[in-house]
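*Asks:* A single structure is presented below for examination.
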Amino acid sequence: SSLKFKEQVAIVTGASSGIGKACAIHLANLGAHVVVNYSSSQDEGQKTVDEITSNGGSAILVKADVSNEEEVKAMFNETISKYGKLDILVSNAGLQQDAPFLEMTLKQWQKVIDVNLTGQFLCCREAARIFVEQSKKPQENNHNELSIGKIVLMSSVHDVIPWAGHVNYAASKGGVMMFMKTISQELAPHKIRVNSVSPGAIKTPINKEVWSDPQKYDGLMDLIPYKRIGTPRDVAKAVAWLASDDSDYVNGETLYIDGGMTLYPEFADNG
Ligand code: NAD
């Protein structure tokens, strides 16, 4: 069926905007019940829910700051009390607080690590605990021994490309890579799959300052062999594949969705 995720339950963090919003909508269009998480903008989160329900899908809105342990636990509890189970976590919430290294404050460093890395820890731990609990119950309709829980982490090309002026962000995403690989190794025996998606430049509010300025946009194109900016939907389709049984034998991988940004584009014109 085209409804790959029929009767599956997915949490998408940071789904009030950009990539998270596109992931929530795409998973819901493929049949999932989606928990749309937001941290501050309730109106924007509600818009994601409204778009899903107006397409005939199923979603609820849940507020939680992913860097707050109690709020994260409450979000997972609410998911279970509403839908009775969990199948998919898309751990997407993230932010930037840019500053030159010499001027970066501890507060800027800590905020980005708290949301982008500790937030992944808190959400993935709750999801994994639920998956392991669920796996102890007799599994219906799982005669093929497919994965019983899927986690997709939102990383970035900056998990491998250093980024001057953004050391807190690059360090957080580099951390996400080893975090993802380590828990993937640890959770695989439980039939839980963990993978990352690493976007390049995707047109969202996080980098509006670049794509809304024609000169900066041209500079950006020098970094992208495929010569276009990515869309949130480009990323959502990759997330859906990693969350689906089509990728059942894929564990601990990072999928770069970047129009070739990680291909050292400056070498293309280097004769
Ligand atoms: P965005 O700013 O549009 O969305 C970020 C989302 O995270 C928002 O919904 C925001 O409310 C949420 N969020 C922020 N702090 C939160 C918190 N403490 N708790 C819960 N939610 C919180 O940006 P985006 O581009 O859609 O970014 C989504 C993810 O994709 C981030 O992890 C980002 O690092 C990653 N990413 C984006 C790009 C890009 O080019 N846009 C590239 C690589 C990686």
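*Asks:* Just checking, how many residues over the stretch 144-157 are within 11 Å of the ligand (Cβ to nearest atom) and surrounded by 24 or more Cβ atoms within 10 Å (Cβ to Cβ)?
*Replies:* Final tally of qualifying residues: 4.
*Asks:* Here's a follow-up. Could you identify the single residue in G56, G84 that is surrounded by fewer than 15 Cβ atoms within 10 Å (Cβ to Cβ) and closer than 26 Å to K136 by Cβ?
*Replies:* Of G56, G84, the one residue that is surrounded by fewer than 15 Cβ atoms within 10 Å (Cβ to Cβ) and closer than 26 Å to K136 by Cβ is G84.
*Asks:* Restricting to the stretch 6-56, name every residue that is more than 11 Å from the ligand (Cβ to nearest atom), of a type in the set (A, V, I, L, M), in a helix (DSSP H, G or I) and closer than 16 Å to L89 by Cα.
*Replies:* I25, L27, A28
*Asks:* V235: aliphatic (A, V, I, L, M), modelled with pLDDT of 95 or more, surrounded by fewer than 19 Cβ atoms within 10 Å (Cβ to Cβ) and within 20 Å of the chain's Cα centre (by Cα), yes or no?
*Replies:* no
*Asks:* Can you find a residue that is within 15 Å of the ligand (Cβ to nearest atom) and within 16 Å of the chain's Cα centre (by Cα) anywhere in the stretch 73-86?
*Replies:* Within the stretch 73-86, not a single residue is within 15 Å of the ligand (Cβ to nearest atom) and within 16 Å of the chain's Cα centre (by Cα).
The values are calculated or read from the model by the stated rules, or taken from the named source; none is laboratory data. All values reported here derive from a predicted model rather than from experimental measurement. Cβ atoms come from the backbone with ideal geometry, glycine included; neighbour counts cover every protein chain shown.
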